[in-house]
Amino acid sequence: MTPPSYEQGPIRPPSEAYSLLLRVTRNCPWNRCEFCHTYKKEKFSLRTVEEVKRDIDTIQEIVSGIKSLSWRVGLGGEIAAPLVNLILKDPQHDSDGFRQVALWLYNGSKNVFLQDGDNLILKTDQFVEILNDLKKTFPSIERVTTYSRSKTVSKKRIEELQDLKNAGLSRIHIGLESGYDPLLQYIKKGVTAQEHIEAGKKVKESGISLSEYVILGLGGKGMWREHAMETAKVLNQINPDFIRVRTLKVLKTMLLYQKIEKGEFNPLNDNEVIEEERLLIGHLEGIRSTLFSDHILNLLQEVEGKLPEEKEKMLKRIDYYLALPREEKDNFRLGRRAGVYQSVEDLSKPELRNQVDRSLQQIESERPGGLEKALSDLMESFI
Ligand code: SF4
């Protein structure tokens, strides 16, 4: 008999690692941002409420199947680690949602992330119906989050956002990327800084929690200052609950790569990105947001904290890195990208330091001057 399975999209935010993923729309209705390749070959489509509800029923069926399995292996219905390991190792569950649901149950079945790129494009009453069904089927759910675009959110009435909040939508993740209009146009974000502000303020007013994503390095050598300062200005007006930074890495599959090939876009190196990050954080004023650096591509993941009280601490961490001699920075960059270091403090651990030094020597002997290429390859391997 074919095991039950449900549809899933390709991505989720890093903060939703333990969330149940439920696909509400397919792909992205805009799909033109030049730094994004996630849905490039895919066509956008809405899923019907009935389709999504069927998936919710299927997930419920999988939950029952996992609980029965727990009884059969003598765990009394408990979703404990041995049961999850058993499911993770079973090749029968390579492609269905069994593993994901098992991990979700193991982690308390509290959070759900609605996929894909811009779910507020759904009619509000349909979105409310989906949320109601989800919460009714799984009363353990405490948080439901989704991605959306500022353009789409700015078209919703505040009452609609409040209806979504009352039906259980807890948080919207928005790709702000930048607050600098010429850069938003250049990367074809399809939204203005003013629309970002309007959308962000509406979400806040509705009581839904707001997470704004900023791309470090997006301004390249030509616009980095304006990118940092104008983005800070937009964030200062929105006052989002969360600011999440992630670092640009341009792959050949992204349209922005063609601009690099033509010599139009000059990417920043790691150290320049950190200068840009300093300028951004330095200009965040009068807001009560928490800044997260929860993306694997960020060099200084330890630069995180609450604003305003931890702003100086974040800037000090950046300044500590920027003041390191070039050899130390290179050692840290390689160690961090290779997963040897977690933070700059790890540079003071001799065993880790020596390990990275040996790798640096090996790169230099095999490919003199090849560090930047090695770092670039390591970053690509994460996306
Ligand atoms: S709106 Fe988001 S998902 Fe759509 S193309 Fe832009 S970055 Fe990608």
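Values for this structure:
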| read-out | value |
| --- | --- |
| Computed magnitude of the charge dipole of the chain (debye, nearest 20; Cβ of K, R +1, Cβ of D, E -1) | 560 debye |
| Structure-based [θ]222 nm, the chain - -39500 (n - 2.57) summed over DSSP H runs of at least 4, per residue, nearest 500 | -14500 deg cm²/dmol |
| Cubic angstrom per residue, convex hull over Cα atoms of the chain | 163 Å³ |
| Pairs from K259/K313; K123/K189; K259/K373; K67/K135; K89/K252 whose Cα-Cα separation, in the structure shown, is over 27 Å | K259/K313; K89/K252 |
| Cα lying deepest toward the dipole's positive end in the range 15-135, options V63, I121, H37, charges on Cβ | H37 |
| Full-extension gain in nm, Q361 to F382, via 0.36 nm per residue minus C-alpha separation | 5.2 nm |
| Principal axes of the range 168-301: Cα extent on each, largest first, Å | 45, 29, 25 |
| The chain - Cys residues lacking any other Cys C-beta under 4.7 Å | C28 |
| Distant alpha-carbon pairs in the range 106-173 (separation over 17 angstrom), percent | 37 percent |
| Lys/Arg +1, Asp/Glu -1 at C-beta; the range 203-321 dipole; positive extreme among L279, M223, V203 | M223 |
| √(5λ) per eigenvalue of the Cα gyration tensor, the range 243-383, largest first, Å | 26, 22, 12 |
| The range 256-297, dipole about Cα centre (Lys/Arg Cβ +1, Asp/Glu Cβ -1), debye to the nearest 20 | 140 debye |
| Ranked by how many other beta carbons lie within 10 Å on average, peptides 174-186, 104-116 from highest | 174-186, 104-116 |
| Kirkwood-type radius of the range 79-210, with distances r between different C-alpha atoms, in Å | 16.5 Å |
| Around I296: net Lys/Arg minus Asp/Glu count, Cβ-Cβ under 12 Å | +2 |
| Ellipsoid equivalent to the range 267-329 - semi-axes via the Cα gyration tensor, in Å | 21, 12, 11 |
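Bear in mind that the values in this text are calculations on the coordinates, not laboratory data. This structure is a prediction, so every number in the text was calculated from the model and none was measured. Because the Cβ atoms are built from the backbone with ideal geometry, glycine has one as well, and the counts that use them run over all protein chains shown.
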